[in-house]
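The values are calculated or read from the model by the stated rules, or taken from the named source; none is laboratory data. It should be emphasised that the depicted structure is a prediction, and the values quoted were computed from it without experimental measurement. Every residue, glycine as well, gets a Cβ built from its backbone with ideal geometry; the counts of neighbours run over all protein chains shown.
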Amino acid sequence: MNVQAWTFTLVGLSFALYIGVAIWSRARSTGEFYIAGGRVHPVINGMATAADWMSAASFISMAGLIAFMGRDGSVYLMGWTGGYVLLALLLAPYLRKFGKFTVPDFVGDRYYSSVARVVAVVCALFVSFTYVAGQMRGVGIVFSRFLNVDINHGVFIGMGIVFFYAVLGGMKGITYTQVAQYCVLIFAYLVPAIFISLLMTGVALPQLGFGSTLADGSGVFLLDKLDGLSRELGFDAYTSGRRATIDVFAITAALMVGTAGLPHVIVRFYTVPKVAAARSSAGWALVFIALLYTTAPAVAAFARTNLLGTIAEVPYEEVPEWFTSWEATGLIQYQDLNGDGLVQYRGPNAELANEVEIDRDIIVLANPEIARLPNWVVALVAAGGLAAALSTAAGLLLVISTSIAHDLLKRTIKPDISERGELIAARVAAGVAVVIAGYFGINPPGFVAQVVALAFGLAAASFFPVIILGIFSKRTTKEGAIAGMVTGIMFTGAYILYFKSLHPELNTADHWFLGISPEGIGTLGMMINFAIAIGVSRITSPPPESIQRMVEEIRIPRGAGEPREIGA
Amino acid sequence: MAPSHRRQYWRTNLRYLGILLSIWFVVSYGFGILLVDQLDTIRVGGFKLGFWFAQQGSIYVFVVLIFVYVRLMNRLDKRYDVDEDT
């Protein structure tokens with residue numbers, strides 16, 4: 001069977017699986033719709049969190065980014081895993097004890113203010129929408145490359161699938177579909193990685209393979225070979241760093257703290273039955289994520305070595321098939337500048353001009369082809385990429401629909417709405433959100449691709465400080481929290497807007513404040529948020545007695561019980 | 001539960017957090033970012049040590065830290081009789 005037939009088969013089978021799971025686990029109450037009834041086993045929840053969390057960016061783009069960034073790529077590896085330590089130690093258990101449905105629920109109740117709740121809803125919607133548009137785009141790209149479907153039709157198909165199981169199943173349907181999607185995506189990621197590791201180093205475990213010697217009998221370590229090849233072709237050595245230390249530090253921190261502040265991740269910890277389960281569930285989530293995240297840098301190093309080795313000085317007529325098929329999509333571009341008919345792939349330090357432009361996003365998708373793996377493995381990667389994009393999109397859509405139906409409608413505008421009415425509102429909101437997300441997937445505003453990574457900065461600068469202070473400092477007042485959230489997100493948003501949209505030509509290290517790039521500025525925004533929230537709380541009257549007692553209660557696990565509605 | 005009892009429980013929790021988050025900081029920001037070039041002079045097999053911490057080691061330590069915290073807290077909850085198994 002050729003690649004396309006395999007892809008249709010595997011993608012079709014995986015979609016049938018997701019729909020089957022969704023029908024089996026559809027939601028019947030708001031509790032089931034928002035938080036799966038609060039009865040999900042911690043290991044299952046960990047797996048669902050991992051799928052929820054690992055998006056098209058983790059699956060498709062990350063290894064490619066690392067392959068081109070070398071050691072600096074570790075900002076993504078540490079940044080997108082270290083946040084789980086913060087979640088498990090500082091957030092998840094207390095939010096579970098608090099036991100409501102959403103992050104704005106917590107902010108609104110803890111800070112005894114519907115203004116704070118609405119500010120939190122706006123932040124949650126903004127973060128989730130920018131994020132979900134990127135996922136839909138990812139779905140479109142996979143469809144167009146592997147199934148020869150027009151990119152827009154790909155987005156429509158993705159919308160249809162997500163609509164079906166998110167609207168029908170709510171959190172319960174999404175949780176169990178995400179478990180299935182995790183299995184598909186991790187299998188699809190590990191199989192080619194193990195194959196390539198065996199081919200290149202003879203070691204099956206990629207995590208050990210990329211620190212081993214090459215299988216060609218030369219006795220040279222793979223990373224040394226890669227450093228050598230890189231320098232020869234005018235790139236910096238792969239294992240050396242290029243970015244300024246302060247910027248690496250700031251980006252890593254923004255990603256870590258942003259992870260711990262993302263509403264669609266936090267909300268998953270409301271779905272487990274106990275506080276102790278919330279703690280261990282974060283641990284399991286990280287185990288499942290680490291499986292992919294420790295493999296990714298190995299994949300990056302293998303792909304980079306293969307890439308530098310296979311297309312250097314090859315006559316253009318003899319380039320491998322993957323080169324021309326990706327060229328057709330425009331994601332590889334070749335121009336024979338010196339007219340010698342050979343492909344020269346060179347770095348910035350080389351004498352010869354570089355003739356090849358390679359889009360980072362294709363590394364994971366093209367890797368099995370570059371390494372000449374069987375067709376079914378290539379198809380598997382397509383199914384995995386779709387699983388990653390769909391699972392994250394569904395989780396985000398749920399946050400959007402919950403924010404509207406629960407936080408805005410039920411808790412702010414129309415508190416006497418019936419459970420049935422709220423459930424209908426939640427489904428309608430999810431449906432509308434799918435359509436909007438699809439629209440942005442088809443017509444991506446120029447800034448979306450950049451803003452996806454920046455959503456972390458915004459989450460870091462808005463939610464994280466007020467949640468932490470809400471738990472660890474009884475003295476933090478509503479004035480402090482609102483002032484902190486507003487200044488944090490405005491400062492970060494303005495800095496990003498200035499460099500990414502208004503003055504992209506100034507977006508270089510010389511013009512950055514303290515040498516911190518827009519990707520890392522969320523760290524500074526977070527510190528400003530903390531400082532303002534603490535400062536303002538000092539000079540305003542302390543929170544009421546009942547709130548201080550509530551904080552005392554949150555700190556003790558006993559009595560978590562079923563998640564409850566207000567006043568119960 | 002008596003307030004002093006509660007305070008003690010909370011203080012022990014904060015001590016655990018302080019210790020574990022220090023380790024979290026040292027392996028990632030310390031070994032992986034601030035000291036990476038110094039550690040890179042040490043080699044373990046094909047890996048430079050700083051590079052290994054930045055792309056592998058820190059992640060393994062993160063996983064271990066969470067499960068250590070889970071165990072410590074489960075014990076602490078029982079000792080102060082605030083666990084949920086009643």
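Quick notes on this structure:
- Residue check, A:Gly169 within 18 Å of the chain's Cα centre (by Cα) and in contact (Cβ under 8 Å) with a residue 24 or more places away in the chain: no
- Number of the exception - A:Thr305 against (1) within 13 Å of chain B (Cβ to nearest Cβ); (2) of a type in the set (S, T, N, Q); (3) not in a helix (DSSP H, G or I): (3)
- Any hit, the stretch A:460-471, residues being part of a helix (DSSP H, G or I), at pLDDT 85 or above, touching a Lys or Arg at 6+ places or on another chain (Cβ under 7 Å) and more than 30 Å from A:Val162 (Cα to Cα): yes
- Of all residues in the stretch A:267-281, those that are facing another protein chain (nearest Cβ under 9 Å) and farther than 13 Å from A:Phe101 by Cα have Cβ atoms under 6 Å from Cβ atoms of residues that are of a type in the set (A, V, I, L, M, F, W, C) and part of a helix (DSSP H, G or I), 6 or more apart or on another chain, in A:Arg279/A:Ala88; A:Arg279/B:Val70; A:Ser280/B:Val70.
- Counted as qualifying within the stretch B:1-55 are the helices (runs of 4 or more DSSP H) with 2 or more residues that are facing chain A (nearest Cβ under 8 Å) and among the aliphatic types (A, V, I, L, M), namely B:3-25.
- For A:Ala494, the conditions (1) loosely packed, with under 15 Cβ neighbours inside 10 Å; (2) out of contact with any Gly (no Cβ under 8 Å at 6 or more places or on another chain); (3) farther than 18 Å from A:Ile532 by Cα all hold with the exception of (3).
- Among the residues listed as A:Val118, A:Val132, the single one being within 30 Å of A:Arg411 (Cα to Cα) and under 20 Å from the mean Cα position of the chain (by Cα): A:Val132
- Neighbours by Cβ (under 7 Å, 6+ apart or cross-chain): first from the stretch A:403-425, hydrophobic (A, V, I, L, M, F, W, C); second part of a loop (DSSP other than H, G, I, E, B): A:Leu409/A:Ile417
- If you check A:Leu199, A:Leu125 for being within 20 Å of the chain's Cα centre (by Cα), over 16 Å from A:Ala388 (Cα atoms) and assigned to a helix (DSSP H, G or I), only one passes: A:Leu125.
- Qualifying residue in the stretch A:327-334 (condition: part of a helix (DSSP H, G or I), modelled with pLDDT of 85 or more and in contact with a helix residue (DSSP H, G or I) (Cβ under 8 Å, 6 or more places away or on another chain)): no
- If you go through the stretch B:56-78 and pick out every residue that is within 7 Å of another protein chain (Cβ to nearest Cβ) and among the hydrophobic types (A, V, I, L, M, F, W, C), you end up with 8.
For every residue, the table says whether it meets (1) of a type outside the set (Ser, Thr, Tyr); (2) modelled with pLDDT of 85 or more; (3) touching a strand residue (DSSP E or B) at 6+ places or on another chain (Cβ under 9 Å); (4) surrounded by 13 or more Cβ atoms within 10 Å (Cβ to Cβ).
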| site | (1), (2), (3), (4) |
| --- | --- |
| A:Met527 | yes, yes, no, yes |
| A:Ala531 | yes, yes, no, yes |
| A:Ser537 | no, yes, no, yes |
| A:Thr540 | no, yes, no, yes |
| A:Pro544 | yes, yes, no, no |
| A:Ile547 | yes, yes, no, yes |
| A:Ile554 | yes, yes, no, yes |
| A:Arg558 | yes, no, no, yes |
| A:Pro563 | yes, no, no, yes |
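- Taking the stretch A:42-93 as the region of interest, the helices (runs of 4 or more DSSP H) fully inside it that hold 3 or more residues being more than 8 Å from chain B (Cβ to nearest Cβ), over 19 Å from B:Gly57 (Cβ atoms) and in contact with a Ser or Thr (Cβ under 7 Å, 6 or more places away or on another chain) are A:42-53.
- Residue within the stretch A:203-218 that is among the hydrophobic types (A, V, I, L, M, F, W, C), in a helix (DSSP H, G or I) and out of contact with any helix residue (DSSP H, G or I) (no Cβ under 7 Å at 6 or more places or on another chain) present: yes
- Inter-residue pairs, beta-carbon under 9 Å, first more than 15 Å from A:Leu390 (Cβ to Cβ) and in the stretch A:7-26, second exposed (fewer than 13 other Cβ atoms within 10 Å of the Cβ), 6+ apart: A:Thr9/A:Met1
- A:Val287 meets the conditions (1) modelled with pLDDT under 85; (2) within 14 Å of chain B (Cβ to nearest Cβ); (3) assigned to a helix (DSSP H, G or I) in every case but one. The failed one is (1).
- Selected residue (only one of A:Ala483, A:Ala494 is modelled with pLDDT of 90 or more, assigned to a helix (DSSP H, G or I) and within 26 Å of A:Ile266 (Cβ to Cβ)): A:Ala483
- Residues that are farther than 23 Å from A:Asp236 by Cβ and surrounded by fewer than 19 Cβ atoms within 10 Å (Cβ to Cβ) within the stretch A:335-370 comprise A:Gln335, A:Asp336, A:Asn338, A:Gly339, A:Asp340, A:Gly341, A:Leu342, listed in sequence order.
- A:Leu226 vs. criteria farther than 19 Å from A:Val132 by Cα, assigned to a helix (DSSP H, G or I) and either at pLDDT below 85 or not small (Gly, Ala, Ser) (or both): yes
- Sole exception among (1) more than 14 Å from chain B (Cβ to nearest Cβ); (2) touching a strand residue (DSSP E or B) at 6+ places or on another chain (Cβ under 7 Å); (3) not in a helix (DSSP H, G or I) for A:Thr239, by number: (1)
- Residue satisfying all of: in the stretch A:513-525; closer than 17 Å to A:Leu255 by Cβ and at pLDDT below 90; surrounded by the most Cβ atoms within 10 Å (Cβ to Cβ) among these: A:Gly522
- Subset of the stretch A:279-304 [over 15 Å from the mean Cα position of the chain (by Cα) and under 12 Å from A:Tyr84 (Cα atoms)]: A:Arg279, A:Ser280, A:Ser281, A:Ala282, A:Gly283, A:Trp284, A:Val287
- Checking B:Arg11 against (1) modelled with pLDDT of 90 or more; (2) among the basic types (Lys, Arg); (3) crowded, with 22+ Cβ neighbours inside 10 Å, the condition it does not meet: (3)
- Scanning the stretch A:283-291 finds no residues that are under 14 Å from A:Gly46 (Cβ atoms), touching a Pro at 6+ places or on another chain (Cβ under 7 Å) and not aromatic (Phe, Trp, Tyr).
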